1. Counting only residues that are loosely packed, with under 15 Cβ neighbours inside 10 Å, modelled with pLDDT of 95 or more and at positive phi, how many does region 191-229 have?
2. When you scan region 1-87 for strands (runs of 3 or more DSSP E) that lie fully inside it, which ones turn up with 1 or more residues that are modelled with pLDDT under 90, closer than 30 Å to residue 300 by Cα and charged (D, E, K, R)?
3. Which of (1) closer than 28 Å to residue 318 by Cβ; (2) touching a residue at least 12 places away in the same chain (Cβ under 8 Å) does residue 254 not meet, given it meets every other one?
4. Would you mention how many residues in region 63-106 are without any contact (Cβ under 8 Å) to a residue 40 or more places away in the chain and of a type in the set (Gly, Ala, Ser)?
5. Considering only region 122-159, how many residues are touching a strand residue (DSSP E or B) at 6+ places or on another chain (Cβ under 9 Å), in a helix (DSSP H, G or I) and either modelled with pLDDT under 95 or closer than 23 Å to residue 295 by Cα (or both)?
6. Going by the structure shown, is residue 278 assigned by TED's automatic domain parsing to the domain that holds residue 172, within 19 Å of residue 200 (Cβ to Cβ), at pLDDT 95 or above and hydroxyl-bearing (Ser, Thr, Tyr)?
7. Could you pull out the residue among 168, 187 that is among the hydrophobic types (A, V, I, L, M, F, W, C), without any contact (Cβ under 8 Å) to a residue 60 or more places away in the chain and under 19 Å from residue 300 (Cβ atoms)?
8. With 179, 206 as the choices, which residue is assigned to a strand (DSSP E or B) and either over 16 Å from the mean Cα position of the chain (by Cα) or polar (S, T, N, Q) (or both)?
Amino acid sequence: MTTKHNLDMLLNELPAFWFPQRTWTLREGVGGMNNTTRFVEVDGATYVLRLYETHRDRNKIAFEHRVLLELGRQQHALDFAIPQPLKRPNGETMVTLPGGKLAALFTYTEGENPGAFALSQLPYIGKAVGQLSAALSRIELDVKPEYAPYYEIEQIHPRCTPDAIRAFCEQPPGPFAKQKGELAYIFARYMAIYEAIPFIRSLPHQLVHGDINGSNMLIDEEGQLAAILDFEFVTRDVRVMELAVCLSDLIDPSRSESELRHQCDAFCAGYRQHIQLSHAEMRVLPLLIELRRLDVFIHFLGRYLDQVDSQAVLIDIIQSTHEKTKWLQLHGARLLFAHQ
């Protein structure tokens, strides 16, 4: 009996925790790096079953679900859907599987992950991100988030301490010798962010989604934003980090500076309808966009050290991180001035 067959049998039994004595069907969904997904059909309604793959921490999931339920109370103020965790008959929103993995069931929204956004769509996407940021700012919970803010770079991966990152970047192992120049540049930008942490800590904080990108959005048949998904990493961070994450996803150094400026202007025009950032927040925005990129590098460095990803995967990450951080050093200030 295959592992996949065992998994399918296990998943097929899970809806009973939410729908005892009812009949359901399952169909496969597209899971991300951090979860396995199935769609559950019950009495003509569709739900999303998620199996969390990267951790077995009930507190992390409980915090995510608390935030989602609070956002659900503000759904009237949002132009798009937010997934809602369903409560079981006992009031809980998750199930612990044999072996310790955790699963949850969510409301379903029809739509597809977008490809590249057209320039005409970006003001509406920016407006949605601003709406979400404003809604998150109104949520105050009596528990602390489990994830650290982005700027706590020592906590991105347990094996990636500052000393370990310095050693890897300054004296890369043989397979990465050709990337020595790129790694030296990356480490210099890492230290620039490290030195800026006290200033970043002084900026306004609130809850942030922290990973808004095309893979965590759904677009309807008319090209409108239908939902923002995957709040697994929601935490308390600097408010401007939400915008930094989104702009990092937009900035493709292979495009012209003029094209990228138009895209960022369009996105920020929508965002400003709900959020007005301070001068201090705008000043640090290019550095926070770099931080998002460096966070990805450190995450994949940890995966390589854990023998999860191959050398080739990490080399691609090193090259893209170097390319984007260098581009931001050359052009980021002009993007900043365009948004003031």
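The values are calculated or read from the model by the stated rules, or taken from the named source; none is laboratory data. Keep in mind that this is a model prediction, so the values were computed, not measured. Note that we place each Cβ from the backbone using ideal geometry, even for glycine, and neighbour counts take in every protein chain shown.
1. Total meeting the criteria: 0.
2. Result: 25-28.
3. The one condition residue 254 does not meet is (2).
4. Final tally of qualifying residues: 3.
5. So the answer is 4.
6. yes
7. Criteria check complete, one pass: 187.
8. 206
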